[in-house]
1. On the basis of being among the small types (Gly, Ala, Ser) and open to solvent by 10 Å² or more (accessible area, probe 1.4 Å), does Ser367 make the cut?
2. Kindly check whether there is at least one residue in the stretch 260-270 that is buried (at least 24 other Cβ atoms within 10 Å of the Cβ) and of a type in the set (Val, Ile, Thr).
3. Of the residues Leu56, Leu73, Leu78, Leu90, only one is in contact with a Pro (Cβ under 8 Å, 6 or more places away or on another chain) and within 28 Å of Ala317 (Cβ to Cβ); which?
4. Taking interchain pairs and intrachain pairs at least six residues apart, which have beta carbon atoms under 6 angstrom, with the first residue in the stretch 386-403 and open to solvent by 30 Å² or more (accessible area, probe 1.4 Å) and the second in a helix (DSSP H, G or I) and hydroxyl-bearing (Ser, Thr, Tyr)?
5. Taking the stretch 367-415, which residues are touching a strand residue (DSSP E or B) at 6+ places or on another chain (Cβ under 8 Å) and not in a helix (DSSP H, G or I)?
6. Tell me, which strands (runs of 3 or more DSSP E) wholly within the stretch 260-341 include 2 or more residues that are modelled with pLDDT under 95, among the β-branched types (Val, Ile, Thr) and within 27 Å of Glu198 (Cα to Cα)?
7. Ser419 versus (1) surrounded by fewer than 18 Cβ atoms within 10 Å (Cβ to Cβ); (2) under 28 Å from the mean Cα position of the chain (by Cα): which is the lone unmet condition?
Amino acid sequence: MDLKPAIPSHSTSFTQHSTKMSRKKVIIIGAGITGPALALTILKNPTLKEAYEPILLDRQTQDTYAQGAGVVLSSNALHPLINLGLKDGLWEISQEVVEVSIYRDKRYLNSMVTPNWNPDIGGGTGLRVVERGALMKLLVDQVCSNGGEVRWGARVVDLVAREDGVEVVIEGDASVFGDLAVGADGIWSVTRKAIIGEGWKPTFMNSSGIYGIYTPEEKNESSQGYTVLLDVAGLSTWPLPDGKCFWTITVPETAPPTSKPTVEQTAEYPNAKIITGGYPLPSTLDILSRLSTTPHPSLPGGVCAELCQRSSLIVHAPLYQLVFEQSQIVNATSNIVLAGDAARVMLPTSGQGACMGIEDATVLANSLLNNSSIKDALAEYANLRVPRSKSIASQAYWSGVVFMADRWVVRIARDWLVSLLPRGRDAKEMWEKQGSVPRDPMAWLYGVRLEVKNEDRGGGADIVHG
């Protein structure tokens with residue numbers, strides 16, 4: 001599907017857009033995390049709210065928030081969310097990670113203490129883990145309470161360029177006009193397909209992931225994360241409120257699935273719905289069977305059997321990666337731009353999928369605030385985001401190589417090096433005693449603090465005109 005050529009502005013196929021002095025419509029396709037974060041960022045900034053009217057479109061129904069998945073938020077994403085006034089709500093639904101311990105099967109290798117802890121984030125916090133659906137609901141509820149509009153059940157099927165904007169076509173012969181369209185519609189973005197045409201699909205990375213949310217029989221609060229390194233595979237568990245944990249296992253695959261995902265229920269896991277991701281159900285069950293005997297230091301019996309048995313939803317998904325170029329994430333002629341997973345697809349070893357989407361929302365809003373035209377704002381946004389995306393995607397790729405370790409010599413080297421790494425100092429304790437924190441070797445990634453603010457650019461306008 002290629003972006004259709006511009007239709008003259010006198011077309012009567014839909015209502016004419018508002019006058020230059022009224023708010024311009026920003027049609028945001030996708031109400032996951034990036035889309036609502038952008039809408040809320042616009043609504044929370046008085047100048048942007050005066051200039052723009054964000055409208056969220058999502059193909060799901062209102063009560064269908066993503067289940068079975070967790071999100072690990074680092075300081076580069078927490079900072080913008082706190083600036084949006086979300087700290088109290090976010091702290092209520094998330095769990096701080098105080099320590100991450102690394103094992104090789106049953107053998108302890110090392111730990112990271114207070115990872116990514118910073119005193120400038122919400123009065124002091126490290127990584128925080130939240131269920132994806134809970135974060136989506138928090139953002140969408142805030143969009144609505146701040147005067148934003150969300151249209152559920154709006155399945156976008158095409159985008160049509162106009163001389164003065166873009167028509168977003170919705171399944172069922174409906175459409176909505178926008179002065180700007182933002183595709184925040186995920187890995188298989190309809191918006192990306194419309195902009196790029198051939199070459200719009202990300203690259204399969206010869207691996208898949210299975211994940212879920214484990215609910216223990218007894219609520220034992222924990223702030224401990226674990227990584228268990230295996231032969232050509234790896235398991236991670238992350239703490240959630242009420243003693244729950246978000247778990248993922250990554251395994252090698254020879255080819256991407258050729259069928260559509262199905263939802264299955266089996267006798268082996270009677271409490272869980274299994275989304276196959278297009279893989280044959282027996283292959284998913286085989287991975288889960290092997291996972292059940294995988295050692296884990298904190299689970300009953302010292303193995304992962306309960307992870308699957310006490311997860312209500314288990315998702316098997318092929319893994320992809322590709323960072324799209326500046327020219328691919330923006331169609332400035334038609335005022336269309338990509339954000340979040342639509343703009344770049346990264347391996348989960350980046351730990352930055354949702355975080356980058358939140359960054360995108362902040363950078364795009366700031367570019368709209370500080371440029372004299374939407375076209376200039378989109379160009380600036382793309383130039384800022386693509387280089388950072390490529391750096392993080394590279395880090396994710398090489399982390400994946402080490403994590404999976406498909407050769408025995410790589411596994412030996414990996415395990416040895418992990419065991420030798422310094423454990424690190426407790427950043428929170430050091431701050432309380434000395435007023436300083438240890439140097440963070442990942443500061444290039446986590447140390448970014450993005451904000452939306454008026455910048456003195458020698459003549460740049462506060463309110464963008466088309």
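The values are calculated or read from the model by the stated rules, or taken from the named source; none is laboratory data. The model shown is predicted, which means the values in this text are computed figures rather than measured ones. We place every Cβ from the backbone using ideal geometry, glycine too, and count neighbours over all the protein chains shown. Note: accessible area is taken over every heavy atom of the protein model, side chains too, but ligands, DNA and RNA are not part of it. Shrake-Rupley method; radii C 1.70, N 1.55, O 1.52, S 1.80 Å.
1. Taking the combined requirement at face value, the residue does not satisfy it.
2. no
3. Testing whether each residue is in contact with a Pro (Cβ under 8 Å, 6 or more places away or on another chain) and within 28 Å of Ala317 (Cβ to Cβ) leaves just Leu56.
4. Partner pairs satisfying both residue conditions: Ser399/Thr349; Phe403/Thr349.
5. Listed by number, the residues that qualify are Ser372, Ser373, Ala405, Asp406.
6. Answer list for the stretch 260-341: none.
7. With respect to (1) surrounded by fewer than 18 Cβ atoms within 10 Å (Cβ to Cβ); (2) under 28 Å from the mean Cα position of the chain (by Cα), Ser419 is out only on (2).
Here is a yes/no grid of residues against (1) of a type in the set (A, V, I, L, M, F, W, C); (2) touching a Lys or Arg at 6+ places or on another chain (Cβ under 7 Å); (3) at pLDDT 95 or above:
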site: Arg59; (1), (2), (3): no, yes, no
site: Thr64; (1), (2), (3): no, no, no
site: His79; (1), (2), (3): no, yes, yes
site: Trp91; (1), (2), (3): yes, no, yes
